[in-house]
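Comments concern the structure below.
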Amino acid sequence: MGRFNGRGLWTLYTKEVRRFLNVFTQTLIAPVVTTLLFLAIFSLALGGGNRQLGGVSFTNFLVPGLIMMAMVQNAFANTSSTLVISKIQGNIVDLLMPPLSAIEVTLGMVGGGVTRGLLVGLCVTAGMWVFVPISIHAPVFVVFHAVMATLMLALLGMVGGIWAEKFDHIAAVTNFVITPFSFLSGTFYSIDRLPGQWQLVAQFNPFFYMIDGFRYGFIGHADGSLAIGVVVMLAMNVALFWLTYRMLATGYRLKP
C-alpha cells in the first residue's frame with residue numbers, strides 16, 4: 001500500500017462538491033420546494049395540522065422525517081449519478097488512473113455525497129422554519145443521525161453506481177429500494193399505529209432507525225430503541241464501506 005494521498009483525496013472531494021454546486025438550483029433549491037410541497041399537502045390539504053402525534057402536532061412530527069428524506073435522497077443521487085455518468089460518457093478512467101487508492105476514492109466521493117445531503121438538510125430546515133416553529137431537543141442525535149444517514153446513502157449510491165451500467169439500473173434502485181424504504185420507515189406516521197407484526201417488520205428497516213433517531217433529536221419522542229438505532233447505523237455504514245471498498249479495489253464493473 002502506498003503513502004496516503006491527502007492532496008488527491010481533497011481534490012476529488014472538492015471536484016464532487018463543485019459539481020453539485022454548479023447546478024445548485026437543481027441540487028439544493030429543488031429539494032426545498034419539493035419538501036415544502038409535501039409539508040403543505042400533509043399539514044394543509046389533509047388537515048394534519050389539527051392532529052397530535054408523539055406528543056406534538058402532526059406537522060412538527062412530520063418535519064424531521066421530511067428533512068431526513070430530502071437529505072438521504074440527495075446523498076444517494078450525488079454519488080450514484082457521478083459514477084453512472086462517468087461510465088456512460090466513458091471518462092471513468094479519469095477516476096481510476098490517478099494515484100488514488102480504493103479507500104481514498106471512496107472517502108472523496110462519499111464526502112461529496114454527505115456534504116450535499118447535509119447542505120440540502122440545512123436548506124430544507126431553513127425553508128420549513130419560515131412556516132413551522134422548529135425546536136431541537138437533542139442536538140447530538142440530530143447531528144449524529146444526519147451524518148450517519150447521509151453517509152449510508154452516499155455509500156449505497158456508490159454501490160448502486162458501480163453496479164449500474166445505465167440510468168435505468170440506477171432508477172430501479174431508486175424506485176424499488178430507496179423510495180419504498182424511505183416511505184415505509186415512519187416518515188409520515190408513527191409505527192405505534194401499525195399492527196404488532198408490522199411494527200416488528202418496520203424495525204428491520206434501517207431507514208426507520210435513521211429517521212426515528214433524527215426525529216427524537218427534534219421532538220424528544222422515539223418509536224424504537226435509540227441504542228439499537230445507533231448500533232444499526234454504525235453497522236450498516238461499516239458494512240457498506242467495506243463493500244464499496246472491495247468493489248473499487250477489484251474493479252467490479254469498472255475495468256474492462
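Summary of computed values
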{"quantity": "Options Ile178, Ile228, Ile170: the member that is surrounded by 13 or more Cβ atoms within 10 Å (Cβ to Cβ) and in contact with a Ser or Thr (Cβ under 9 Å, 6 or more places away or on another chain)", "calculated": "Ile170"}
{"quantity": "Single condition Lys255 does not satisfy, out of (1) exposed (fewer than 14 other Cβ atoms within 10 Å of the Cβ); (2) over 17 Å from Leu107 (Cβ atoms); (3) at pLDDT 90 or above; (4) of a type in the set (D, E, K, R)", "calculated": "(3)"}
{"quantity": "Number of the condition not met by His221 [criteria: (1) surrounded by 15 or more Cβ atoms within 10 Å (Cβ to Cβ); (2) modelled with pLDDT of 95 or more; (3) not small (Gly, Ala, Ser)]", "calculated": "(2)"}
{"quantity": "Qualifying residue in the range 224-243 (condition: modelled with pLDDT under 90 and hydroxyl-bearing (Ser, Thr, Tyr))", "calculated": "no"}
{"quantity": "Residue that is nearest to Val231 (Cα to Cα), among those in the range 164-218 that are modelled with pLDDT of 90 or more and of a type in the set (Asp, Glu)", "calculated": "Asp212"}
{"quantity": "Of residues in the range 186-214 being under 21 Å from Ser43 (Cα atoms) and in contact with an Asp or Glu (Cβ under 8 Å, 6 or more places away or on another chain), the one surrounded by the fewest Cβ atoms within 10 Å (Cβ to Cβ)", "calculated": "Asp192"}
{"quantity": "Candidates Gly186, Gly224, Gly217, Gly213 - the one that is closer than 26 Å to Phe38 by Cα, assigned to a loop (DSSP other than H, G, I, E, B) and in contact (Cβ under 8 Å) with a residue 60 or more places away in the chain", "calculated": "Gly186"}
{"quantity": "Number of the exception - Ala154 against (1) touching a strand residue (DSSP E or B) at 6+ places or on another chain (Cβ under 8 Å); (2) assigned to a helix (DSSP H, G or I)", "calculated": "(1)"}
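For every residue, the table says whether it meets (1) closer than 18 Å to Leu66 by Cα; (2) out of contact with any Pro (no Cβ under 7 Å at 6 or more places or on another chain); (3) among the polar types (S, T, N, Q).
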site: Ala149; (1), (2), (3): yes, yes, no
site: Val159; (1), (2), (3): no, yes, no
site: His169; (1), (2), (3): no, yes, no
site: Asn175; (1), (2), (3): yes, yes, yes
site: Gly186; (1), (2), (3): yes, yes, no
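The values are calculated or read from the model by the stated rules, or taken from the named source; none is laboratory data. Note that the structure is a prediction, hence the values are computed from the model and not measured. Note that we place each Cβ from the backbone using ideal geometry, even for glycine, and neighbour counts take in every protein chain shown.
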